[in-house]
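This report refers to the structure that appears directly beneath it.
The values are calculated or read from the model by the stated rules, or taken from the named source; none is laboratory data. Keep in mind that this is a model prediction, so the values were computed, not measured. Using ideal geometry, Cβ is built from the backbone for each residue, glycine included, and neighbour counts are taken over all protein chains shown. The accessibility values were calculated without ligands, DNA or RNA, using every heavy atom of the protein model including side chains. Shrake-Rupley method; radii C 1.70, N 1.55, O 1.52, S 1.80 Å.
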Amino acid sequence: MIRPRSVGFVAIVFTVVYAVAYVIAVWKNVPVFTYHPITGAIGLGVEKPQGGPAMYWFGWMSTAAIAASAACLVAALVPERVARRLGSAWAWVVPVCVLLFFAYLLRGYFLR
Amino acid sequence: MFIVLLIVHGLFAVALLGAITHQTASAWLPMQRHAGSFAGRFRGVSAAGYAKAIVVLYVCTAILGAIIYPEFRVSIRGVLDELDAPAVMGAFELKEHFAVVGLAVLPAYLYCWRLPLADEYRRTRMALTAVLAFITWWNFLVGHVVNNFRGYAA
């Protein structure tokens, strides 16, 4: 049984790891799968476009979900005294940094 | 069908926008006394009561957005490329990534707004609410601009 305090720790770990894993998945293009909306086909990993655009967005989200879920499983096992050391501020500092990094990553659209 | 889903997506976004704006105003500028003015009543709501509704609205809006996104990529993105509007496309690319970051924030956000409100999470609660409000406003405005851009360009 997870105690209430640990639920908060796991929630913060999920937020931090999901945000970081997602930005890495986008930056390095590591989707779990590629979706081809024209044909409706789904292929594992990165695939080139097939007769239309290839969508990696769903795959990037899945990559982040797998990483965050794994981190949450580990976090649920972390002792209470260790969990208390993680400040809750990470839950917003990391997402804000990720938002800023995305703005930097996509700056080319605005600086043409 | 795409148009129907787009409109429902927009309606969920409007409801989410109202809820998150109320909550942000209430969290950052709480009323100390009974509110008499419109602005006072706007920020005088019980912010904690909005949290679960905001999570449900955010998830529903995101799911609807994900359903219509492939149609956007296939039919509409090409039109925007032809109109040579890189800033609009860039804003939309940011929208899709910001939406995912918002999803990531939801578990911590919901925990921080859990009743009874823990004072140790007050700053985190305020910051997470502001982050979600920023993402919601950005995505709403960009969605509108992209949706109407062909009309603007014409």
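Here are the numbers for the structure shown:
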| item | result |
| --- | --- |
| Pair list, Cβ under 7 Å, 6 or more apart: the stretch A:67-96 residue closer than 11 Å to A:THR15 by Cβ, other residue open to solvent by 50 Å² or more (accessible area, probe 1.4 Å) and among the aliphatic types (A, V, I, L, M) | A:VAL94/A:VAL20 |
| Check on B:LYS52, loosely packed, with under 13 Cβ neighbours inside 10 Å and either more than 15 Å from B:ASN147 (Cα to Cα) or within 13 Å of the chain's Cα centre (by Cα) (or both) | yes |
| Failed item, numbered, when B:ALA99 is tested on (1) more than 8 Å from chain A (Cβ to nearest Cβ); (2) hydrophobic (A, V, I, L, M, F, W, C); (3) over 17 Å from the mean Cα position of the chain (by Cα) | (3) |
| Qualifying residue in the stretch A:43-57 (condition: in contact with a strand residue (DSSP E or B) (Cβ under 9 Å, 6 or more places away or on another chain), open to solvent by less than 40 Å² (accessible area, probe 1.4 Å), aromatic (Phe, Trp, Tyr) and on the phi < 0 side of the Ramachandran plot) | yes |
| Residue match in the stretch B:120-142 (condition: more than 28 Å from B:GLY10 (Cβ to Cβ) and hydroxyl-bearing (Ser, Thr, Tyr)) | yes |
| Members of the stretch B:10-46 found to be open to solvent by 70 Å² or more (accessible area, probe 1.4 Å) and assigned to a loop (DSSP other than H, G, I, E, B), listed by number | B:LEU29, B:GLN32, B:ARG33, B:HIS34, B:SER46 |
| Verdict on B:ILE7 being more than 16 Å from B:THR61 (Cβ to Cβ), free of Cβ contacts under 8 Å to residues at least 12 places away in the same chain, open to solvent by 60 Å² or more (accessible area, probe 1.4 Å) and assigned to a helix (DSSP H, G or I) | no |
| Residue satisfying condition, being over 19 Å from A:PRO79 (Cβ atoms) and modelled with pLDDT under 95, within set A:GLY8, A:GLY40 | A:GLY40 |
